[in-house]
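Novice: Input: one structure, supplied below.
The values are calculated or read from the model by the stated rules, or taken from the named source; none is laboratory data. Since we're looking at a predicted model, the values are computed, not measured. As a convention, Cβ positions derive from the backbone with ideal geometry for all residues, glycine included, and neighbour counts pool all protein chains shown.
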Amino acid sequence: MKFQKQILFVLFLSLTASVIPQKNLTVDEIYTSRSFSAKSVSGLKWHPQGTGFSFSKYDAETKSMNVHYFDIAKKDTTLLIKGSELKSTGGEQITLSNYEWSPVGTHLMITGVLPARSLKSGGTFYIYDVAKKSITAEVASKEQQINMQFSPDGKKIAFSRGHNLFVYDLPSATEQQLTYDGSDLVLNGVFDWVYEEEFSIIQAYAWSHDSRYLGYWRLDQTDVPEIKIQKWDSLYLNSIDMRYPKAGDRNSEVKIGIYDLKNSKNVFVDLGEEKDIYVARIKFNPSTGDLWLQRLNRLQNRLDILAANPVSGKTSLIHSETDEAWVDVHDNLIFTKGSRKGFLWTSEKDGYNHIYHFSDEGKQLSQLTSGKWEASDILGYDEKNALVYFTSKELGAIYSDLNTVRVDGSEKKRLTNEAGTHDISLSPTCAYFVDRYSNANTLTNTYLYSGDGKKIMTLAESDMLVFKDYNLAKLEFLTFNTSDGQDLNAYIIKPANFDAAKKYPVLIFTYGGPGSQVVNDRWGGANFLWHQMLAQKGYIIFAVDNRGTGGRGRVFKKQVYKDLGNFEVQDQVEAAKYLGAQPWVDASRIGIWGWSYGGYNSALTLMKGADYFKAAISVAPVTHWKFYDTIYTERYMQTPQLNPEGYENSAVLSHTSKLKGKLLLVHGTGDDNVHFQNAVKLAEKLIAEDKPFETMYYPEKDHGIYGGKTRQHLFKMMTEFIEENL
């Protein structure tokens with residue numbers, strides 16, 4: 001009898017447990033709760049000798065940021081900088097914002113804020129002696145100082161002040177001004193907006209390996225059109241003035257200077273007769289001593305690697321990449337020394353992005369990787385063992401793994417085994433690496449490995465138990481075929497209590513820009529949790545990587561050339577058709593949303609695919625490519641003068657008459673990237689055609705639309721729109 005009672009009690013517990021209500025996610029929780037964030041090692045920076053790394057950690061007691069150091073051999077952590085005790089040479093408290101190691105690892109260069117001084121951000125930087133645990137030098141200015149960087153010998157620091165280039169000499173505590181013509185129009189050692197944004201580059205100069213020369217960009221933006229971004233902070237209004245070249249307009253004129261610090265002489269590099277060009281990267285070759293430049297023509301379908309003599313500025317052609325569409329700019333130029341002297345480089349010339357080894361004269365020595373998959377980034381080269389460390393998508397476009405291969409192409413080995421995404425930070429000597437690993441359904445964990453792939457220890461482990469009361473649904477990957485025979489990668493999130501006998505509304509998430517991906521096996525952060533919240537409300541979430549996206553080779557990516565918006569919309573419609581054919585989908589309630597290029601894609605899809613989509617949310621969209629910048633737009637569309645039909649066909653503004661569904665248009669008025677003009681022109685066109693739509697603008701918010709409670713407001717509004725219209 002007692003045994004029977006125990007069985008009944010267990011059955012009662014299991015039944016009651018099954019009916020305990022699960023908690024539902026809320027927008028406020030998603031965007032304010034720290035408990036939903038992955039545990040991590042914040043601000044990890046490798047020691048130059050690769051023996052350990054530093055990291056930052058907030059001290060709640062002193063309300064300041066401390067910097068710690070982890071010695072790998074000793075597995076010991078020590079306090080490097082106590083933030084509350086960080087004082088300037090004058091004894092004033094410094095609030096640490098960032099720091100960098102000196103090349104020899106004896107000092108740190110610190111940027112911070114002095115509350116007692118009215119200096120611009122980055123106005124002062126400090127030299128911190130690691131052994132003495134104190135600031136030993138301070139370089140202050142009321143002008144903005146940015147892009148500070150140690151010389152390779154650790155004795156000097158280059159930086160830009162007032163758009164001129166300077167060098168501070170540590171032993172003598174003196175500074176030397178290298179350029180004198182800097183102004184709001186002429187930029188030395190600092191980039192204009194479009195270079196920094198579209199070439200993903202910040203450091204506008206490069207040191208030679210012997211610390212004698214500085215190669216630098218000089219950009220003259222005199223002829224670049226000026227725009228005004230309206231501010232609403234005064235009675236009579238103000239504006240932010242900036243130089244922004246829109247498609248087809250004039251760019252900054254570029255020069256590359258080489259300054260000889262030993263002889264105080266400057267030469268400008270011979271970039272050729274054509275002036276309407278870009279220089280996307282510069283880097284000194286330690287073997288030859290030359291400055292290597294990556295020169296792009298205006299249409300970005302030819303990239304030349306030039307070697308410039310630092311004394312004369314004369315150049316010679318080393319290597320060229322050409323493409324019928326465009327050539328991607330990357331950081332995969334790695335120099336090799338000794339008997340294997342030359343350089344590593346990635347190219348799509350065989351149809352997929354792979355690694356090649358060339359001599360310094362440009363002769364191909366070997367192809368290190370091959371196959372119908374992509375090598376992504378070269379992370380480092382172990383000279384002693386002739387090993388190249390690189391990430392790849394060999395296991396599939398949705399994954400990212402770390403691999404090694406010998407410089408002759410032999411003995412390729414994968415070092416990461418768990419399916420998902422491995423974000424790698426490789427030590428300078430390649431002896432260790434830190435792996436930030438996640439998959440679509442698991443928070444990021446951080447591990448330390450030896451260079452051969454053996455796990456040493458766990459550095460930060462996240463606990464999915466924070467979601468135990470929320471009954472999250474599983475994100476699942478799939479592939480489907482379009483009506484014209486193209487297979488596409490996608491993912492789906494069904495409600496956790498999914499019932500195949502019911503019919504569900506669907507929200508499709510899109511980005512879709514050239515070379516991008518949203519279908520990745522990695523933790524999706526706040527967007528993923530918001531999608532989970534919608535799944536809890538009874539929506540199916542779906543995403544597809546349309547033609548033009550990355551990870552699947554040159555042809556798949558570059559077929560969108562001169563024709564943006566065509567295949568993107570076609571494949572989002574194909575996704576709607578695929579979903580509509582499923583017995584558990586309500587085909588009359590399919591919506592789509594996206595941000596930036598995704599905002600463009602969602603708005604255009606709602607119009608061109610009006611018979612398949614009931615609603616769309618378009619956040620910060622480009623509505624006509626003539627409104628966007630030169631580098632990004634012309635890379636994929638050529639100029640409006642060369643491709644007028646492509647520009648008109650691709651514009652959201654050209655298809656407003658087709659709008660049937662519900663549209664929510666969102667933009668920040670202070671967006672310096674995709675200007676508010678895009679939303680205004682779309683609103684104007686829709687009004688002129690008497691097309692109903694909803695809109696929300698966020699005063700003085702930029703492209704990210706954040707700050708204060710902005711994100712909560714935005715996503716609550718988006719949630720209400722979805723519930724009302726799907």
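Novice: Could you grab me the full set of residues in segment 70-89 that are within 22 Å of Ala140 (Cβ to Cβ) and touching a Ser or Thr at 6+ places or on another chain (Cβ under 7 Å)?
Specialist: Once the filter is applied, which keeps residues that are within 22 Å of Ala140 (Cβ to Cβ) and touching a Ser or Thr at 6+ places or on another chain (Cβ under 7 Å), segment 70-89 yields Gly83, Ser84.
Novice: Still on this structure, I have one more. With the requirement that a residue be over 17 Å from Leu659 (Cα atoms) and among the acidic types (Asp, Glu), what does segment 683-726 give you?
Specialist: Glu700, Asp702, Glu720, Glu723, Glu724
Novice: What are the pairs, 6+ residues apart or on separate chains, where a residue within segment 22-36 that is farther than 15 Å from Asp469 by Cα and outside any loop (DSSP other than H, G, I, E, B) has its Cβ under 9 Å from a residue that is among the small types (Gly, Ala, Ser) and modelled with pLDDT of 95 or more?
Specialist: Tyr31/Ala526
Novice: For segment 612-696, which fully contained helices (runs of 4 or more DSSP H) count at least 1 residues that are over 25 Å from the mean Cα position of the chain (by Cα)?
Specialist: In segment 612-696, the matching helices (runs of 4 or more DSSP H) lie at 644-650, 677-688.
Novice: Taking segment 187-215, which residues are hydrophobic (A, V, I, L, M, F, W, C) and surrounded by 18 or more Cβ atoms within 10 Å (Cβ to Cβ)?
Specialist: Matches in segment 187-215: Leu187, Val190, Phe191, Trp193, Val194, Phe199, Ala204, Ala206, Trp207, Leu214.
Novice: While we're on this one: Inside segment 705-725, can you point out the residues that are in contact (Cβ under 8 Å) with a residue 24 or more places away in the chain and small (Gly, Ala, Ser)?
Specialist: Passing the criteria: none in range.
Novice: Give me the pairs: first residue in segment 167-183 and touching a residue at least 24 places away in the same chain (Cβ under 8 Å) and over 12 Å from Ile157 (Cβ atoms), second residue of a type in the set (Gly, Ala, Ser) and surrounded by 15 or more Cβ atoms within 10 Å (Cβ to Cβ), beta-carbon distance under 9 Å, and six or more apart or on different chains, which are they?
Specialist: Leu178/Ala158; Leu178/Gly189; Leu178/Gly257; Thr179/Gly189; Thr179/Gly257
Novice: Then there is this: Which number in (1) surrounded by 20 or more Cβ atoms within 10 Å (Cβ to Cβ); (2) more than 30 Å from Ala397 (Cα to Cα); (3) small (Gly, Ala, Ser) marks the one condition that Ala375 misses?
Specialist: Ala375 satisfies every listed condition except (2).
Novice: Given the condition at pLDDT 95 or above, surrounded by 20 or more Cβ atoms within 10 Å (Cβ to Cβ) and within 17 Å of Gly52 (Cβ to Cβ), answer yes or no: does some residue in segment 140-149 qualify?
Specialist: Within segment 140-149 (the criterion being at pLDDT 95 or above, surrounded by 20 or more Cβ atoms within 10 Å (Cβ to Cβ) and within 17 Å of Gly52 (Cβ to Cβ)), the answer is no, since none of the residues qualifies.
Novice: I've got another one for you. Taking the condition in the same structural domain as Ala575 (by TED's automatic domain parsing) and in contact with a helix residue (DSSP H, G or I) (Cβ under 7 Å, 6 or more places away or on another chain), does Leu478 pass?
Specialist: So Leu478 does not fit the description; no.
Novice: Inside segment 354-458, counting only strands (runs of 3 or more DSSP E) that do not spill past its ends, which hold 1 or more residues that are of a type in the set (Lys, Arg) and within 20 Å of the chain's Cα centre (by Cα)?
Specialist: Counting at least 1 such residues, we get 432-439.
Novice: Here are some conditions: (1) touching a helix residue (DSSP H, G or I) at 6+ places or on another chain (Cβ under 8 Å); (2) at pLDDT below 95. Asp463 meets all but one. Which one does it not meet?
Specialist: Single failed check for Asp463: (1).
Novice: Would you confirm, using the coordinates I've provided, whether Ser211 is within 30 Å of Glu634 (Cα to Cα) and in contact with a Lys or Arg (Cβ under 8 Å, 6 or more places away or on another chain)?
Specialist: No; evaluated as a whole, the condition is false for this residue.
Novice: Also, quick follow-up: Just to be sure I understand, how many residues within segment 312-349 are in contact (Cβ under 8 Å) with a residue 40 or more places away in the chain, in contact with a Phe, Trp or Tyr (Cβ under 8 Å, 6 or more places away or on another chain) and of a type in the set (Val, Ile, Thr)?
Specialist: Within segment 312-349, residues that are in contact (Cβ under 8 Å) with a residue 40 or more places away in the chain, in contact with a Phe, Trp or Tyr (Cβ under 8 Å, 6 or more places away or on another chain) and of a type in the set (Val, Ile, Thr) number 4.
Novice: Restricting attention to segment 106-125, does a residue exist that is in contact with an Asp or Glu (Cβ under 9 Å, 6 or more places away or on another chain), outside any loop (DSSP other than H, G, I, E, B), at pLDDT 95 or above and not assigned by TED's automatic domain parsing to the domain that holds Trp46?
Specialist: Checked against the condition, which is being in contact with an Asp or Glu (Cβ under 9 Å, 6 or more places away or on another chain), outside any loop (DSSP other than H, G, I, E, B), at pLDDT 95 or above and not assigned by TED's automatic domain parsing to the domain that holds Trp46, segment 106-125 yields no hits at all.
Results for (1) among the β-branched types (Val, Ile, Thr); (2) surrounded by fewer than 23 Cβ atoms within 10 Å (Cβ to Cβ), shown as yes or no for each residue.
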| residue | (1), (2) |
| --- | --- |
| Trp530 | no, yes |
| Val544 | yes, no |
| Gly565 | no, no |
| Leu579 | no, no |
| Trp584 | no, yes |
| Gly591 | no, no |
| Ala610 | no, yes |
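Novice: Turning to a different aspect of this structure: Based on this model, can you work out whether Tyr356 counts as within 22 Å of Ala280 (Cα to Cα), in the same structural domain as Asp423 (by TED's automatic domain parsing) and modelled with pLDDT of 95 or more?
Specialist: yes
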